[in-house]
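> Sending over a structure as structure tokens; questions will come in a sec.
The values are calculated or read from the model by the stated rules, or taken from the named source; none is laboratory data. Owing to the predicted nature of the structure, the values given are computational and were not obtained by experimental measurement. Counting neighbours? That spans all protein chains shown, and the Cβs are built from the backbone with ideal geometry, glycine included. Each accessible area value is taken on the protein alone, full model and side chains, heavy atoms only, with ligands, DNA and RNA left out. Shrake-Rupley method; radii C 1.70, N 1.55, O 1.52, S 1.80 Å.
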Amino acid sequence: MNTVTVTINGQNVSGQEGMTLLDLAREAGIRIPTLCYDPHLGPYGSCRVCLVEDNKSGALLASCVTPISAGMVISTDSPRVLETRKIVVQLMLASHPESCLLCDKGNLCQLRQIAAELGIGALELYKLPNYTGTQEVNPFIRRDLSKCILCGKCIRADQELVVEGAIDYLHRGFDAKPATLEDQPLERSECTFCGTCVTLCPTGALSEKEPLWRGTASQRISSVCPYCACGCSLLLGASEGKVVGVKPGEKPGSVNSLTLCVKGHYGWDFIHSPERLQSPLIRKNGNLVVCSWEEALDFVVRGLKGIQGQHGSDFLAFLGSSKCTNEENYLFQKLARVGLGTNNVDHGSPLTNLPSPEYFGPEWGWGSMTAPIGEIEKAKGILVIGANPEETAPIVAYKIKRAVRFKGASLILVDPRKTKLVPFSKVWLEPRWGRDWALILGLLRAILDEGLGDRDWIQKNVAGLEALVEEMKPFNLDWAAGESGIGKEVIRDCARILAASQPAAMIMGSGLWQGPRGISALSALMNLALLIGARDRFYPLGKESNGQGARDMGVLPDFLPGYQNLDDGEARRKFEEAWGQPLPRQKGLDAGEMIMGAEKGRIRGMYILGENPVRSFPGGSSVRETLAKLDFLVVQDLFLTETAHLAQAILPACSFAEKEGTMTSAERRVQLLKPAGQPTGLSLPDVKILVEIAQRMGIAGKGFSSREIWKEINGLVPLYGGISPERLDREDLSWPCRNMNEPGFPFLSVPGEKLKFWGLLQPGSKGEREANGRFRLLFGSSLYHAGSGSRSSRSARLSHLVHPGILKISPGDASQLGMEEGCRVKVTSGEREMTFSLSLDSGLPPGLIFLPVSSIMQGSIFDLLAFPREGPRGFPNPKTVEVRIERVEA
Ligand code: SF4
């Protein structure tokens, strides 16, 4: 690119061809005020505040849209520029209400700041009456369009950053305003309330709807979103020990930049829910009673040790948390293994976890993403299969849509439902239910037949192509088409698109691995990624904020921290030496097996950290009955959850905003949490509670703290060898980061190791229950809900948009059954039944009914699924079941 030199305010400044005058001035440290400009948005040039004077022609130019050219002589602050800029701002103020004192934006209003900068005092212009009234029907965003200066930032945020298309300009001239189609309220539009428009609005036209008690933030504290595994960076606004607002973190290189989704932006009000646990509780004579921390901690240690002494270590089980920090999870598994001598340790729910790390191995980051989420935007071909990122990982969805809309990427979407990604897809494939595996084999077949993919690279870097070719022999395109229901020409076209669109990315979710033949489908997809060069952009979508960290920290029944196998003698010796005692050798029980063990009396005591199995495990009511049989149950959580109700001891923990620590997102990015609020009541950070217990068990000395935990992690977990809170205070780090001089690797590479193709026929997963009805019920995620009852379910704002007990069905199926919108229906699976209100959804194919997992569903929504589990060990349970459906009286 050519270098161009321009004279700005008498100073010669050089930049690259294509830059605007505003870019160049800013690079040279020359301030030009702006209102409609934002570096994350395309140039717009509507507010004219950035006017500069071209001294040669005398023209006034909007610097944000004027490209530089050689020899320009520009003034940014000539008397003429300042006078015109002043008039521009005065004209805006003429129609702006004089309500600054009451405006939520306060001193942060950019219009007010620029007016002050230009010395505008009392307005001499005639005031135009312009009061439209505030609109605050929805629970998140307040709109006062009388303060709108038509900068278009909200519209551009909506269309360019999150690519929803919910708003645009309505009317022209004085009547112009940003609005939804036909000026409907936001809640009846495509708006997902991500709040990006609020973040970018320079005035008080858009603000967060908030209760008056909160006040203004006096501090902004860096943190991480507590919801999904994207790991969005947040700034928590704090005042007097309370969180009063959330903004996107805007850290350089963050995954989310200026965007968030509705959960991250507005779902934080659970922190101050009046239902938070205030003090420890222990059960005495059948009743839960308040007690001191000393009493509770002694009680817990006595209870756990009692079970160990009476029955043995393996009669205990430890369920860790995919929401707690790395430090907490590390200490939790150490407590289980060293303090109580068992490998019965796992995390999360069998319905939401990723498959066991063993199904991925080190070359695939043990199930993490192999590249930053931002790389999706650079892909030319994208395959999304078994995932609905719009609901489960919105930042991933933003990147996919931006890649398609602005970079011309080809999206191949495999989904039985008509999701919001369908309009962005080049090809939308709806294979027969449970036949993803066959479809992927068809794609493999077409690629092998046509010699697509970079064969030289494969020969050099991947072992086992001959074996794959041999194994693929029985699977021709006719077979794949017959099995999947997708025409063989379509399969062939998709294979060609994927192979030709380089770089290619693959995004997959639980719909893939929780389907029939889930393991084989996952292995086949990994083979496909190797063939078309998408291994370097492979994105399994985990669901929880620190599910990745819990896995990394060894909260797994068969891996020590850092995916060091229990069977690896050298690794075991290293841990035994550091921890000063022999470790249990036998692999432990996973989360599902723990509950089955409790059912059969082989587990007598459990410690559950930040999880709520009664609500989030399949067969919730049976889980409740099973946990009630335990001799001793400890629950550590923020709320008195359904599971906590069964416990002998309940330990109140701090929320993410009240503690410090680290979390690891699905892209292996480790980030720091800092406390922004005071602990609620007597609650303590989880790590503090665990340290107290570890000290009582003699596995931690006095004064043991997170610092010691990090020393251990650095010494014992090579992937985290160079990660420390001190470094994270300066920058995010992605593992592997083996020593303090290493920068971390956002792109996963396994030096010296050759990749390998996987066997096609992995151990089978039945994956499907016996058919007992004509409909397949699919449980799915909802944008407004996540987890098991301690975050979104306690967010008053998110709960507004969740409709409990809605079952979706295609209009055709409903009409055949003689049912209509809103009627009550009973759904039966085996012995289990539940009732719902019916909602018609034209995006569903015949035979499939959909149940969005809701935050305020009464009882366990997963009662329709059976326990014990049906899938193979270490693989999440299938989240579908065949059902009968019949109308019942309201
Ligand atoms: Fe980001 Fe996920 Fe949080 Fe939404 S829920 S703000 S996408 S981390």
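> May I ask what percent, to the nearest 5, of DSSP beta bridges between residues of the chain are antiparallel?
60
> Take peptides 232-241, 511-520 and line them up by average Cβ neighbours within 10 Å, highest first, as a rough protection proxy. The partial results should precede the final answer.
Details: 232-241: 20.8, 511-520: 23.9.
Order by mean packing, descending: 511-520, 232-241.
> Please report the equivalent ellipsoid semi-axes of segment 217-373, computed as sqrt(5 x eigenvalue) of the Cα gyration tensor, largest first, in whole Å.
Those come to 34, 26, 12 Å.
> Rolling a 1.4 angstrom probe over the protein heavy atoms, how many square angstrom per residue are accessible across the chain? Let's see the in-between values first.
On the way: 33560 Å² over 890 residues.
With the other protein chains kept in place, the chain gives 38 Å² per residue.
> May I ask you to compute the full-extension gain from ASN55 to GLU182, defined as 0.36 nm times their residue separation minus their alpha-carbon distance, rounded to one decimal in nm?
Computed gain between ASN55 and GLU182 is 41.2 nm.
> Using a cut-off of 9 Å between beta-carbons, work out the net charge of the residues near TYR266 (Lys and Arg +1, Asp and Glu -1, TYR266 not included).
Local charge sum for TYR266: +1.
> Per 0.36 nm of contour for each residue apart, how much would the distance between GLN11 and ASP568 grow if the chain were fully extended, relative to their Cα-Cα spacing?
Here the answer is 193.9 nm.
> According to a simple spin-label model (label point 7 Å from Cα along Cα-to-Cβ), what is the distance in nm between ALA463 and GLU190?
Those two pseudo-labels are separated by 4.9 nm.
> Moving on to the next point. So how strong a dipole does segment 48-98 carry about its Cα centre when Lys and Arg Cβ are +1 and Asp and Glu Cβ are -1, to the nearest 20 debye?
80
> Follow-up question, since we're still on this one. Dividing the Cα convex hull volume of segment 493-625 by residue count, how many Å³ per residue is that?
Taking the convex hull of the Cα positions in segment 493-625, it is 171 Å³ per residue.
> Would you list, by chain and number, the lysines whose Cα falls below 20 Å from the Cα of LYS284, excluding same-chain residues fewer than 8 positions away?
List returned: LYS305, LYS629.
> Find how much the distance from VAL490 to GLU98 grows on full extension, using 0.36 nm per residue of separation minus their present alpha carbon separation; answer in nm with one decimal. Could you put the intermediate results ahead of the total?
Numbers: separation 392, 0.36 × 392 = 141.12 nm, distance 6.11 nm.
Length gained, VAL490 through GLU98: 135.0 nm.
> Now for a different question. Might you report the magnitude of the Cβ-based charge dipole of segment 650-724 about its Cα centre, with Lys and Arg at +1 and Asp and Glu at -1, to the nearest 20 debye?
120
> Going 7 Å from the Cα of ARG774 toward and past its Cβ, which residues in segment 870-890 have a backbone nitrogen under 12 Å from where you end up?
Under 12 Å, as judged by backbone N against the label point of ARG774, lie 884-886 of segment 870-890.
> Using a simple spin-label model with points 7 Å from Cα along the Cα→Cβ vector, what separation in nm is obtained for ASN741 and SER218?
4.6
> Using the 2.2 N^0.38 Å rule of thumb for compact globular proteins, work out how the chain stacks up: its C-alpha Rg over that value, please.
Normalised by 2.2 N^0.38 Å, the Cα Rg of the chain equals 0.99.
> I've got another one for you. Report, in degrees rounded to the nearest 10, the 0 to 90 angle that the Cα long axis of helix 293-311 makes with the longest principal axis of the chain.
Around 40 degrees separate the two axes.
> Scan around ALA317 for amide H atoms under 5 Å from its own, H built in the peptide plane at 1.01 Å from N, and keep only partners 5 or more places away or cross-chain.
GLY605, MET606, TYR607
> Lys and Arg at +1, Asp and Glu at -1: add these up for the other residues within a Cβ distance under 14 Å of VAL65 and post the number.
Spelling it out: positives minus negatives among the neighbours equals -1.
> Counting only protein heavy atoms and a 1.4 Å probe, tell me what percentage of segment 215-272's accessible area is made up of carbon and sulfur.
With neighbouring chains kept in place, the figure for segment 215-272 is 50 percent.
> Taking a 30 Å limit on the Cα-Cα distance, which of the listed pairs LYS177/LYS426; LYS147/LYS247; LYS209/LYS418 fall beyond it?
LYS177/LYS426; LYS209/LYS418
> Between ARG585 and LYS284, what is the label-point separation in nm under the 7 Å Cα-to-beta-carbon projection?
Inter-label distance under the simple model: 4.5 nm.
> Next up: Restricting to DSSP H runs of at least four residues, report the calculated mean residue ellipticity at 222 nm for the chain, -39500 (n - 2.57) per run over all residues, nearest 500 deg cm²/dmol. Don't jump to the answer; show the numbers that get you there.
Details: 27 runs with 238 residues, N = 890.
So the helix-based figure for the chain works out to -7500 deg cm²/dmol.
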